[in-house]
Structure formats: structure tokens, C-alpha cells
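Q: My questions all concern the structure below.
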Amino acid sequence: MINRKEFILQAGTFCAAALAAPAFAFHEEKKMKIKQIRNATLRVTFGGVEFLVDPWLISRSEGFSFGQGPFTAEVVDPAQLGIVMPMCELPMPLSNVLSGVDAYLLTHLHPDHFDMAPDGTAGEKLDKSVPLFVQNECEVGVMKKSGFENVRTFTDDGVTFKGVTLKRTFARHGTKEPCGPASGIFFSSPGEKKTLWILGDTIWCDEVAKTMAELKPDVVVLNACAAQLKTYGRLIMNDADVESVCRAAPNAVVIASHMDTVAHASLTRETLKAALERRNLASRVLIPDDGEEYDFE
Ligand SMILES: [Zn+2]
């Protein structure tokens, strides 16, 4: 039994709590989604914001091959010289890829990540009024020349866009020497339970291992077709690197991207899957088809 004074106190506490909380208050759920488009191109929904990552959007009829360009002597296997890139079409109409995007994110300015024209401009198919984030001031210059009206850099300290913090991470784009500067992007938001790290075009290396230990991402996207060129060596991850990621992040969801689209690859979805089976990692790594989407709680 409670006495009258205790009852009044309890009732008062209840009323104060009821007044403080709106009648239908609930925590707005933000659920991460990742849709594989083609190569490194992804649609990412994060913190309620729609991102288009590495938008390389040309069709095969607009494609190119190593046989035509300045990198002819770089190709490891002559059979790769005549292969037109992209090796497949977008899995959906271009208008669907672009619709509702709040910002474009570019990990690095290479022709298998962003449309590049012979006149030095870039991103022909994109809406120039949509904010674009790039890795450095040099790329900011290219994008401004190309007509983008709102170009920013994502930085090592992190920049915030509509409540989502985008942090630049180090990427080593080659086992011999880096094929130019490259970056990864780490996503976090108070509205998301999980964090996402898109590692970008990088091999597994000490710097990436250190970042993995610091950031402890919940979901990681790796570029894993083991593309190679003579001067730079292997440019992105192979199955051994994917194993290193799985061991370093035993609880993370691991997604292998950048598959079956470029001529200088040495792993396909099929051979990567077989290699991961030999390493007892097939169940640890998702290898999405183009157009496939994952939803996260
Ligand atoms: Zn690439």
C-alpha cells in the first residue's frame, strides 16, 4: 500500500514524464541500404540521405579499351587489350540510377569510377547542381571546370552532409607504386546504428589495417577484382586481401564490389567465390550481382 502523499508524488512524476514526451514520440529509424550498380558504382542510403558513389555511367557503346589508349604497354595479358570497358551495361535505366540522389561521392578520378571526356571534363551524365564530394583540390578544379556548381572535399577529419559524417581514409592503389592518389570513405550518422566503410581502390596494407582497427566498421565494401597493370602491380584487393579484411573485422559484413567490369581484372565473381570457398570464407563475403541491394537494420 502507498499512502496519499506517495500517490500524489508518483502521479506527479508520471504526468511530468507524459508532458515531456510527445504523445506519439518514437525514434525515427534510419536504415542503411547498399545497392550494387556496376563496377564501383553504388547507391548508398545512409542516415536517410541518398548517395551515388563512383558514378561511372557510360554505356558499352561509349566504352574504351586498353588497346586504344596510353596504357597499352601496361597491360599484363595481351588478350585484355581488345576488351571494351565497361564490360556490361548498367543493370537499370540511367534515370533510375540518378533519381533522388542528394550527393555524388567520388573516391578518386579514374575512368572506371567517373565518366571522363577527351577534353578533360568529367561527369557528363550527372546533374551539375547536385553536391559532389571529391578527395582533393586538384579534383575540385576538374569538377568546377566541368560545370559542377557545388564541389567539396571529404577530409581526414570528416565533413558533415545532412547529418552524415564522411571521413576520408587512406587507400594504396598499387602493390608496386600507387596509380595516383585514391581514397576510401567512412560513413557515420547519429541516425544510423551501423557504420559503413567503402575502402575504395586499395590493396590491404598496414595503413588500411590500422584504420580498420581504429574505425571498427560494421559494414565494409571492398574493390576485389585484383586488377593489375605492369608499372603499378596489383591495383586493388585479391582473395588473400579479402581474407585479411575478414580476419581484421571478424564481425563486419563484407561486400566485394568492382567485379566483372574492367579488362585488367584477374578475378571474376566466380573465381573470387571459388577462392573464398578454398579459404573457408564463402559465407563471410557477399558478392552482389549488378542491381542487387542489401538492407541493414
Ligand atoms: Zn577502379
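The values are calculated or read from the model by the stated rules, or taken from the named source; none is laboratory data. Since the structure is predicted, the reported quantities are computational estimates derived from the model, not experimental observations. Note that we place each Cβ from the backbone using ideal geometry, even for glycine, and neighbour counts take in every protein chain shown.
Q: Inside the range 158-249, counting only strands (runs of 3 or more DSSP E) that do not spill past its ends, which hold 2 or more residues that are among the hydroxyl-bearing types (Ser, Thr, Tyr)?
A: Because the criterion is at least 2 residues that are among the hydroxyl-bearing types (Ser, Thr, Tyr), the strands (runs of 3 or more DSSP E) in the range 158-249 that meet it are 164-171, 182-188.
Q: Restricting the range 29-75 to residues that are within 15 Å of the ligand (Cβ to nearest atom) and not in a loop (DSSP other than H, G, I, E, B), which is nearest to Ala256 (Cα to Cα)?
A: Gln36
Q: Give all pairs with beta carbons closer than 9 Å in which a residue from the range 281-297 that is among the aliphatic types (A, V, I, L, M) meets a residue that is in a loop (DSSP other than H, G, I, E, B); count only pairs at least 6 apart in sequence or on separate chains.
A: Val285/Ala224; Leu286/Glu292; Ile287/Ala224; Ile287/Met259
Q: If Arg247 satisfies every condition in (1) farther than 24 Å from Val159 by Cβ; (2) within 14 Å of the ligand (Cβ to nearest atom) but one, which is the exception?
A: Unmet for Arg247, out of (1) farther than 24 Å from Val159 by Cβ; (2) within 14 Å of the ligand (Cβ to nearest atom): (2).
Q: For the range 190-208, enumerate the residues that are under 13 Å from Val220 (Cα atoms), free of Cβ contacts under 8 Å to residues at least 60 places away in the same chain and away from the ligand (no atom under 16 Å from the Cβ).
A: Thr195, Trp197
Q: Another question, then. Answer yes or no as to whether Pro91 is at pLDDT 95 or above and either part of a strand (DSSP E or B) or of a type outside the set (Phe, Trp, Tyr) (or both).
A: Answer is yes for this residue.
Q: Moving on. List the residue pairs whose Cβ atoms are under 8 Å apart, where the first residue sits in the range 228-239 and is closer than 9 Å to Glu74 by Cα and of a type outside the set (Phe, Trp, Tyr), the second is modelled with pLDDT of 95 or more and more than 14 Å from the ligand (Cβ to nearest atom), and the two are 6 or more positions apart or on different chains.
A: Thr231/Lys176
Q: Sticking with this structure for a sec: Could you check the range 267-289 and list, in sequence order, the residues that are more than 16 Å from the ligand (Cβ to nearest atom), assigned to a helix (DSSP H, G or I) and of a type in the set (A, V, I, L, M, F, W, C)?
A: Ala274, Ala275, Leu276
Q: Would you check which residues across the range 254-266 are within 13 Å of the ligand (Cβ to nearest atom) and farther than 16 Å from Thr41 by Cβ and list them?
A: Ala263, His264
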